[in-house]
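Just so it is clear, none of the values below were taken in a lab; they were calculated from the coordinates. Everything quoted here is computed from the prediction, not taken from an experiment. Reconstructed Cβ throughout: ideal geometry from the backbone, glycine too, with neighbour counts over all protein chains shown.
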Amino acid sequence: MRILIVEDNRKLSDWIAMLLRRSKYVIDCVYDGEDADYALKTQDYSLVILDLALPALSGTEVLARLRARGSTTPVLVLTADDSVPSRVSALDGGADDYLAKPFNIEELEARIRARLRRRHEPLSPTTRYGALSLDRNSGQFFLAGADLVLTPREHVVLESLILKEGGTVSKTSLMESVFGFGDSGNVNSIEIYVHRVRKKLEGSGVGIVTFRGLGYALRQDPC
């Protein structure tokens, strides 16, 4: 799951990002409204954490532009204004949730999980491919019933593949998912992460195959 944090307080933004990465979310951080608007136009996110008091472009305007484009990406407003009018305005303007600062990080994570669950309610909470399964609620992978330990970027690679259910995922798509907005990455980096995931799947009957010029896909008992 990829989350965009829009917060002009860099220390706070970096702290939230650090804690959420421990929960295996892929995090992008931007620090003003214009960069947020650009990121939301060019990248796909599972959820946005949005401050309202931003330089360059207000969080309210960022939200309005996002909804005007028809996006249904969940937006959790995280701001210092705890007033009822601010809450009502944000929720009526398209926000899905509202949390005032100061806040408890455990509550923030619980609200994130709740929003992500609601977004995927029509889907089964578990996605399976052979001996491999992904609990979409917790984000945990299992291989033959045992926890599969992955780094955050390995997790994104495998999640992208299992959600395709055997379909091909291009290297470009993987790069966009694995590397955050403004982050540096290249094809060689993707090949390294794919190789690492392959090693962790060895002997399970599930593997990653390469389709030259197209990308990667999961296969059972690959040759």
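Longest segment of the chain with no GluC sites (Glu not before Pro) in a DSSP loop having at most 14 other Cβ atoms within 10 Å?
The segment 1-164 is the longest one with no such site.
Each label point is 7 Å from the Cα along the Cα-to-Cβ direction; what then is the distance between the points at Asp92 and Asp8, in nm?
The two pseudo-label positions are separated by 2.5 nm.
Leu214 versus Met175, label points 7 Å from Cα toward the beta carbon: distance in nm?
2.0 nm
Given the DSSP H assignment, sum -39500 (n - 2.57) over each helix run of at least 4 residues in the chain and divide by its residue total; what's the result at 222 nm in deg cm²/dmol, nearest 500?
After summing the helix terms and dividing by residue count, I get -12500 deg cm²/dmol.
Is the shape of the chain best called rounded, prolate or oblate, per the rule: a/c under 1.5 gives rounded, else a/b larger than b/c gives prolate, else oblate, with a ≥ b ≥ c the square roots of the Cα gyration tensor eigenvalues?
Verdict is prolate for the chain.
Mind pulling the angle between the C-alpha long axis of helix 10-22 and the longest principal axis of the chain? Nearest 10 degrees, somewhere in 0 to 90.
Between helix and principal axis, roughly 30 degrees.
Would you mind counting up the charge near Ala100? Only other residues with Cβ under 15 Å from its Cβ, with Lys and Arg at +1 and Asp and Glu at -1.
Here the count lands on -3.
What angle do you read, to the nearest 10 degrees and between 0 and 90, between the alpha-carbon axis of helix 187-201 and the longest principal axis of the chain?
Once rounded, the angle reads 60 degrees.
Figure the gain on full extension for Lys199 and Ser58 (residue separation times 0.36 nm, minus the Cα-Cα span) and round it to one decimal in nm.
46.2 nm
Round to the nearest 0.05 the FRET efficiency obtained for Asn186 and Gln140 when R0 = 35 Å and r is the Cβ-Cβ distance.
0.75
Quote the relative contact order of the chain in percent (integer), defining contacts as alpha-carbon pairs under 8 Å separated by 6+ residues.
Answer for the chain is 15 percent.
Classify the range 126-220 as rounded, prolate or oblate from the Cα gyration tensor: take a ≥ b ≥ c as the square roots of its eigenvalues, call it rounded if a/c is under 1.5, otherwise prolate when a/b beats b/c and oblate if not.
Prolate shape, in that a/c is at least 1.5 and a/b is the bigger ratio.
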